[in-house]
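Only one structure is covered here, and it is reproduced in the block below.
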Amino acid sequence: MQRRSFLKGVGAGAIVAGTSPSLFGMEQYQVDFNPKSYKNETGVEYHYLTCPRNCRDACSMIAEVKDGKMVSIKGDPKHPLTQGTVCVKGHTYAMHLYNADRIMYPMKRVGKKTEGKWERISWDQALKEIAAKLTEIKEKFGGEALTEFVYSGNEGHISKTIAPGNFFEKYGATRLVRNPCDWPRYAGTPSVIGTDFSKDALEVDESDMYISWGSNESYTAVHWVRFAHRVKKRGGKIVVINSVRVPLANQADMFIQLRPSSDPAFCLAVCKVLIEEDLYDHEFVEKYTMGFEDLVHECSLYTYGELSAMCGASVDQIKVFARLYANAKAPAIMHGDGGQRHFNGARLVRAVTFLPVLTGCLTKLGGGLFWAYVHVKGCFNFENCMPDLSPKDANGNKIERQVISYIEFGKGIQKEGATYLDKPVPVPIKACINYNSNLMVTAPNTNLIKKRVMDDDFFLVVIDPYDIDTCDYADYVLPGVTFMESEDIQNDQISGYVCYNAQSVKPLGEAKTNLEFFNALAKAMGYTEECFDWDSETVCRKFLDTEFAKKQNITYEKLKSVGWIKPFRTPETMKDQFPYYPYAPKDKLVFGTESGKAELYSKTFKDAGYHPVIDLKDDWDYYKEHKDFGESYLKKYPLYFMTPGTQLQDNSNWGNMPYIVKRVIVKGNAELFMTKEDMQARGIEDGDTVEATNEKGTAIFTAVETSQMKPGICYAWNNIWLKVTKSRTGANFLCSDGVSDLGNGSTYTASFVEVRKAAKQEM
Ligand code: SF4
């Protein structure tokens, strides 16, 4: 029987057997999607939307809605940063909204986990039963037996933080450290310049050199590419520094292909040129830095040849780059996440930060460092929306709660021997609510996670618009909304806009927003706090209720009517975030470090056991020196394995779109990109089905020959849905769940595998 005809008329209480696709019921919502302009038609409503994915650009978009249906969604041409252009994914949002794979009703598992037997139930029943189970777990094991799994499926502050936060605080759940991105940055950059905030990306329009470093903006942050092109148009240069020949490298004046995680050796070599050829800014270095002599000494310890051998760039490339960089007026380093998902992530970020300090370009308009962390703190009042609901002891003091992390989620939830940062997690995790994320696809070390979530005593609730892989392991699957059905406020991460997102269409089927769901669950649990009655408008108003927002005229009404507002930046409003130009005059420069200077010598790094200036150890050193791995591990698994993002998905978002599945799945499986040399050495040909293996497990891929990397390195796109592959395996079966040196960030990019031709070849 056809899935859709079978589902017509399925009511609450009916059992739906078979594989998990039978969760869906979209037929009655199919609309003609016609991307024509509806401008001149009557009855068309317009709404401002903000793309909530974590590509960080936060495109402003305008939805056209007719008779309650989304008929068109386009980029907002007036937005200064995104300028009306969305990426290849953003163009598909109407399709995304009305995807036939939407979950429309609450479903309860009636078979074994992964068996795919479900019963449609009412929201009332779902909430009652989930609340009863969570109450039982809390009474038996304590609040910390529950945790969340969440990341960037929706970056709206209500959806991601406020709505779930109030519920989990009241319950007293284990806290989740959300550390897939940026955490090494939070330790590395402040160790030099005392802040982890990036400069405003719009400044790059004043730059004369665009340096893409550890980033593939053509795929993952498309608006950055425009900045690169405009630099070039103005006569400036584009340089790409990456281990992979990313598309922008083909348009660059210079492409420097570093050995993965060897960036500190490259930076030290560049510092050596700047110092030896007297290309650094003497005045800046003397007045505003500390530890310069230590850096000079460190440079003297290595020859260019030695540093070149460590990093893979030729001596000539190192010197040419250093001179170009020093002679540029305002060179902008655009530093991506790929450049920090290593075991030496914080040390790597620290080393990169030396370059704009030595040349003094950090304090020039358009020069310095840019990454995805522009904050608009003063505009938002989280406290006002998130009252203190945390459980207290007899004296009224907050009870400290255990934490586990996203990156170590598998380790954190094990029945026995659960850990966080190698320390025991005392209260075993018995339950999890997965929202705005896809546990089985996005967290590293899938087998370890599977091992626990398959247990009958692991209670899993998933709320999502789609039948994600994690649903297969759930006890209850609840229909969630897309951002198009949910009002929210967020901010972009590269320029600092406050962005509004309207509920442009009503939730489809029986879908609920995260705010509606968590509030309803709180009530079903018997929680009576006022915050669980708030609707999205109330939360938005409370959220914007700050002195700063008032001064800047950032109000709910205004945001609704214009879509986005950029707070006006002054030295006063920005002083906590930017102690340097453009918010501090050069003669008043004080960095937020202990010494008040840019620290080329870091006591923090020394105390943590790392080199206080620039530490040259890379991922290979980490594995060689670690007690669980060693030299023999690298002999057994010699291929460095990276997991970058494809242009067709944003993390696992869009992973079920039919047109994307067609492009990311080859011969039934995801692709593994390998060099000709590595393929020949293993008797593998382009298109062969291969098994990639390490101590975490095996994943099946289709081999694709490429010359984008140097031999010894391979990669697979991250977060391809398992259920669209024949093997139901993927990159996260193999990627590292270790944490970086400082900051406890992810090391997705720092894994090793061996690959061989599979016995069974897919045709
Ligand atoms: S994923 Fe990024 S570029 Fe694409 S629409 Fe969303 S914010 Fe814009």
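Readers should treat all values here as calculations from the given coordinates under stated rules, not as data from a laboratory. Not measured: the values here are computed from a predicted model. Glycine also receives a Cβ, built like all others from the backbone with ideal geometry; neighbour counts cover every protein chain displayed.
Structure notes:
- Cα pair count fraction exceeding 13 Å, expressed as % - segment 42-96: 56
- Computed over the chain, relative contact order equals 18 percent, with contacts defined as Cα pairs under 8 Å that lie 6+ residues apart.
- Calculated Rg and Dmax of segment 243-296 using C-alpha coordinates, Å: 14.8, 40
- Reduced Cα scattering model of the chain, Debye log10 I(q)/I(0), q = 0.09, 0.10 Å⁻¹: -0.85, -1.07
- Proximity of backbone amide H atoms, modeled 1.01 Å from N, is registered between GLY596 and no other residue at under 5 Å, excluding neighbours fewer than 5 places apart on the same chain.
- Per-pair calculated FRET efficiency, R0 = 45 Å: GLU416 and ASP388 via Cβ, rounded to 0.05: 0.85
- Under 19 Å from LYS117, Cα to Cα: lysines that are on another chain or at least 8 residues apart: LYS8, LYS108, LYS450, LYS723
- Volume per residue of the convex hull around the Cα atoms, evaluated for segment 358-464, comes out as 246 Å³.
- Ranked by the mean number of other Cβ atoms within 10 Å of their residues, highest first, the peptides 61-72, 726-737, 86-97 fall in the order 726-737, 86-97, 61-72.
- Estimated FRET transfer efficiency (GLU677, LYS627; beta-carbon r; R0 22 Å; 0.05): 0.10
- Alpha-carbon spread of segment 122-219, three principal axes, descending order, Å: 61, 33, 20
- Per-residue Karplus couplings for segment 81-97, computed as 6.51 cos²θ - 1.76 cosθ + 1.60 with θ equal to phi - 60°, are listed in order as 8, 8, 6, x, 10, 10, 7, 4, 6, x, 5, 9, 4, 5, 5, 4, 4 Hz, Gly and Pro entered as x.
- Sorted on the mean count of surrounding Cβ atoms within 10 Å across their residues, most packed first, peptides 554-562, 157-165 read 157-165, 554-562.
- ³J(HN,Hα) computed for each position of segment 682-698 - Karplus, 6.51 cos²θ - 1.76 cosθ + 1.60, integer Hz, glycine/proline x: 10, x, 9, 10, 3, x, 5, 7, 10, 10, 9, 9, 8, 5, 8, x, 10
- Rounded, prolate or oblate (a/c below 1.5 giving rounded, otherwise prolate when a/b exceeds b/c) for segment 199-290 by Cα gyration tensor: oblate
- Exceeding the 32 Å Cα-Cα cut-off - candidates LYS199/LYS551; LYS710/LYS757; LYS233/LYS588; LYS272/LYS423; LYS138/LYS624: LYS233/LYS588; LYS272/LYS423; LYS138/LYS624
- Contact order normalised by residue count of segment 427-491, Cα under 8 Å, 6+ apart, percent: 31
- Ignoring lysines fewer than eight residues from LYS74 along the same chain, the ones with Cα atoms less than 25 angstrom from its Cα are LYS36, LYS39, LYS66, LYS89, LYS160, LYS506, LYS512, LYS558, LYS560, LYS566, LYS662.
- Annotation: Cα Rg of segment 628-695 relative to the compact-globule expectation 2.2 N^0.38 Å equals 1.36.
- Three-way shape label, segment 71-147, alpha-carbon gyration tensor, a/c 1.5: prolate
- Under-5 Å amide H pairs with VAL71, H placed in peptide plane, nonlocal only: GLU64, VAL65, LYS66
- Segment 706-745: C-alpha gyration tensor shape, a/c 1.5 cut-off, then a/b vs b/c: oblate
- Once the Cβ-Cβ distance of THR114 and ARG230 is raised to the sixth power relative to R0 = 60 Å, the FRET efficiency obtained is 0.75.
- Neighbour cut-off at most 13 other Cβ (10 Å), DSSP loop, trypsin sites (Lys or Arg not before Pro), segment 394-474: LYS415
- Cα convex hull of segment 663-736, projected area averaged across orientations, nm²: 4.7
- Computed on segment 593-742, the Cα convex hull volume stands at 148 Å³ per residue.
- According to the calculation over all Cα-Cα pairs in segment 118-159, the P(r) per 5 Å bin from zero is 5, 18, 15, 15, 21, 22, 3 %.
- Here the 3J(HN,Hα) profile of segment 53-66, calculated from phi with Karplus coefficients 6.51, -1.76 and 1.60 at θ = phi - 60°, is 6, 9, 7, 5, 7, 6, 3, 7, 9, 10, 9, 9, 10, 10 Hz, Gly and Pro shown as x.
- For segment 656-695, the alpha carbon positions stretch 36, 25, 13 Å along the principal axes, listed from largest to smallest.
- Reference-scaled alpha-carbon Rg (2.2 N^0.38 Å with N residues) for segment 338-397: 1.88
- Computed extension length for THR555-ASP205: 123.1 nm, one decimal, from 0.36 nm per residue of separation with the Cα-Cα distance subtracted.
- Stokes-Einstein translational diffusion, segment 274-409 - Kirkwood Rh over all Cα pairs, 1.306 mPa s, 10 °C, in µm²/s: 84
- Restriction of the trypsin sites (Lys or Arg not before Pro) in segment 613-644 to DSSP coil positions whose beta-carbon has at most 16 other beta-carbons within 10 angstrom yields LYS627.
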